[in-house]
Amino acid sequence: MAGLLLAACGQRPAVLFHEGEHIYGLASPVQLEGETTLVYLTDYFVLGSEAQIDSVTGSERLAFLLAGDKQTVELITLSNFVPHLSEMKVWIGGEAYSILVKRSKRERFTFTFDPLGERYRNVGLRGEMNDWNPIPMNLIDGVWETELRLNPGRYQYLIQADGRDMLDPNNPLVVDNNVGGYNSLLEVGQVNRTHAPHIYPESHRRYTINLGLKNEVEEVLVFWQNFRLPHDRVIVEEDQIRLKVPGDAADMQRSFLRVWAFNEQGPSNDLLIPLHYGRPVMDPVQLSREDKEATILYFMMVDRFNNGNPDNDDPVDDPEVADRANFWGGDLAGITEKINDGYFEMLGINTVWMSPITQNPLEAFREFPEPRRKYTGYHGYWPITLTTVDHRFGTEEELHELVSSAHENNISVMLDFVSNHVHEQNPIIKENPHWATILNLPDGRKNIRLWDEHRLTTWFDTFLPSLDFTIPEVTELMSDSAFFWIDNFNMDGFRHDATKHVHLEFWRTLTRKLKEDYMIPNNKRLFQIGETFGSRELIGSYVGSGLLDGQFDFNLYFDARTVFAVDDASFETLDYSIHQSFDHYGFNNLMGNITGNHDLPRFISLAGGDLRFDEDDTEPGWEREIGVGDPIGYNKLSQLTAFIMTIPGVPVIYYGDEIGLPGASDPDSRRPMKFENLTEKQLWVRENAARLTHLRTDKLAFLYGDFQTLKVQPHIYAYSRSYFDEHAIVLFNRSNREQTILIELPGRMADHGFDSHFENIFSVAGGVLEVHMHPNSFEILTSR
């Protein structure tokens, strides 16, 4: 009886795990790749810990072969019936560290191409399924075919016949390729999530957490930090899962529970529940800059943002260089000025990402591809040094002042770091020319911008040698150079340029140095996000423990751009796309969801129609003044911003998108920022952006809530996010007329009152939500 009374009064639960210092951060899941999967244990365990590993165990349908040096373990599939999810246990001194293992979803698929009477000597398939590197096909009984192993999903592709790319004449499905052309679209497998489990945080009391459950489960896996809770701490009932938080959490300001479940239909969504001294975080005030899930990122090109110190202006004097390709005077002092005058606070930004600031050449260079224009290094991506600030951007003292001012204003600072290449004037390549990858290919071509064909060796231009990261000295030097900026200037992380063009060993080396020599000694969580254009499989291969925290989700962005900008597109495409991202990166992820970036045309010019999807996105910026076009582009831009601010991941605003700055692609998408003399429409867009960022910051449902699609039609989209008793419903109407949307609310929301944040009229009666929406609008309702 006395024990029951103590428990009722919230007695601290028992400590279950007596170790815990061998893994820093949360161990990312292992994705099985096929019959064998190699796992680098050094990605997970801190230096020296791997030597203490006793054994690795797990599902009886897998074999675990631990290498003699304990640095890797090979997972071998023994059965076709591997569970959707299972646990890999890494044993150290009698304690098991738990790492989730996800079954491969790849299935055999025979792709065929009927030449329709045409004769070809060679036919290949290239597309997202092979990162655009052609796979040769075999001619069998008049039809070309090849065998593939693919995850269920949609893949853009082209047929390569006798060296010429073409659409598949047998396939009527085509999609915009985002560079002024079209690709064929292949759909593999049927994705039906209707009967898979769905879990959501429902309630909590002291050290007990209740999760809501839809559909039956075969097994539930709950990890506190990197330890699996024992079965008596995870109680599954008909429509609820009850978790008992271990006493270990009571002494930690921040720890996490992670939850997964599955049944024979497939895995559930995953949950990430932050704990504050053992109890769920229920107030955003409890979050800090260390909680990267709360990041709202703002990307600025230093030279184009704000000129705070005209004394350091020094544009290149060359009559062949157009103004848009030269320095404009933006600098570090200008960023500090906007931090101190409250611009980022007004906009709701808590993290700024600066373009590279290392010294760039003093003269202009002519690009190799036609039309061979001359450019300067105003953008910062042509480093002639690795550890000095470009004098046109400021001084080391001004950089220290910027970071200090940002931290005083609770803003994190991330630096764009270029590791893939250096400028030909950089001393490291002048002194070590053999550190460059091959420029002149055996077939006579220049290895210039062959992004996929020669992914790890291609150069950006003839004066920008790519570095050969198979040479250990290159990896050591470049990772030390990156570490310099963190260690000397107290930066909070990196955006990494051209991630896919750099060997994985570099990312492992850099992340280990940051973890061992900075994060652990300073108890500071850094954030690293990469840039990779490619398939979700390729993008995801750079994300995880020992690698990067996230990458920009360009696949989701391109689908969102099409759906929000093109009138005859469908929200069904966007809902499919976001669930593809969840399948690859998890429902709780740190992938970057962007409004645009410096390499792409401005969204608003596409949405407003002043730049067409079917034209080259660069040359029009040189040939004519690109504007917004139809003012409806402002509404569409606000819809895109609302989308990225309310889905899982890290929202990223590209400077100028908060006011609808127009433009074609680089360099027209890099116009000087405007702070004054804004139009009424620009002020309206900025106000919407600020309301959205503050709403995301104030509502934990947008940071840690589940995601559930409520309605999807060509012009209507609605989804919900739930975190305990906090619920949010997000709705879009992308048609040109008013719409009344009816939604049957999930039971957990039916009895709640809601507030509207964007002035659309709504009502709830009998568990049905009715919202009257303006044309080209969005609405966000949050529970009271």
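Remarks
- Local electrostatic count, residue 511, Cβ distance below 12 Å [Lys/Arg +1, Asp/Glu -1]: -1
- Inter-label distance for residue 118 and residue 524, nm, one decimal - labels placed 7 Å from Cα along Cα-to-Cβ: 5.8 nm
- Between segment 498-560 and segment 261-332, the alpha-carbon center distance in angstrom: 14 Å
- Projected label distance in nm at residue 253 and residue 282, using a 7 Å step from Cα toward the beta-carbon: 2.1 nm
- Label point distance in nm, residue 761-residue 18, each placed 7 Å from Cα along Cα→Cβ: 6.8 nm
- Per-pair calculated FRET efficiency, R0 = 25 Å: residue 320 and residue 440 via Cβ, rounded to 0.05: 0.40
- Where GluC sites (Glu not before Pro) fall in DSSP loop in segment 661-723, at most 12 other Cβ within 10 Å: 676
- Cα centroid separation, segment 719-784 to segment 111-144 (Å): 48 Å
- Helical mean residue ellipticity (222 nm; -39500 (n - 2.57) per DSSP H run of 4+; nearest 500) of the chain: -5500 deg cm²/dmol
- For residue 608, neighbours were defined as the other residues whose beta-carbon sits under 15 Å from its Cβ, and their charges (Lys and Arg +1, Asp and Glu -1) total -1.
- Label-zone membership for segment 647-676, site residue 683, 7 angstrom Cα→C-beta point, backbone N under 13 Å: 676
- Segments 236-243, 662-669, 743-750, 111-118 sorted - mean Cβ within 10 Å per residue, highest first: 662-669, 743-750, 236-243, 111-118
- Additional length obtainable on full extension of the chain from residue 630 to residue 409, 0.36 nm per residue less Cα span: 75.8 nm
- Residue 490-residue 675 FRET efficiency (beta carbon distance; Förster radius 30 Å; 0.05 resolution): 0.65
- Hypothetical label at residue 206: residues of segment 279-305 whose amide nitrogen lies under 17 Å (7 Å Cα-Cβ projection): 279-280
- The chain - accessible surface per residue (Å², probe 1.4 Å): 40 Å²
- What separates the Cα centres of segment 168-216 and segment 25-72 is a distance of 29 Å.
- Neighbours of residue 300 by Cβ distance under 12 Å: Lys/Arg scored +1, Asp/Glu scored -1, total -1.
The values are calculated or read from the model by the stated rules, or taken from the named source; none is laboratory data. Source: prediction; values computed, not measured. Note that we place each Cβ from the backbone using ideal geometry, even for glycine, and neighbour counts take in every protein chain shown. The protein model used for the area step is the full one, side chains on, heavy atoms only, and it has no ligands, DNA or RNA in it. Shrake-Rupley method; radii C 1.70, N 1.55, O 1.52, S 1.80 Å.
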